[in-house]
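Heads up, the thing below is written out as structure tokens.
Quick note: the coordinates plus some simple rules give every number you see, no bench work behind them. Model, not experiment: these values are computed from the prediction. As a convention, Cβ positions derive from the backbone with ideal geometry for all residues, glycine included, and neighbour counts pool all protein chains shown.
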Ligand SMILES: [Zn+2]
């Protein structure tokens, strides 16, 4: 019994597209129709807009909630 299962990828998340962090240019993996993404390198959050169903673009930065 053999299953043709790729071992390089975790099955939990499907990576659909990638964008680049506008601060550090690290690649950020996106799922389909994902609206927000956080850079794994510098931790900044970005609001994602989809120009077409295939092409994501960074719209603006997610401002962190700074406690007073
Ligand atoms: Zn970054």
Ranking 57, 63 by Cβ neighbours within 10 Å, fewest first, what do you get? 63, 57
Extended-chain gain in nm, criterion 0.36 nm per residue less alpha-carbon gap, residue 18 and residue 60: 13.5 nm
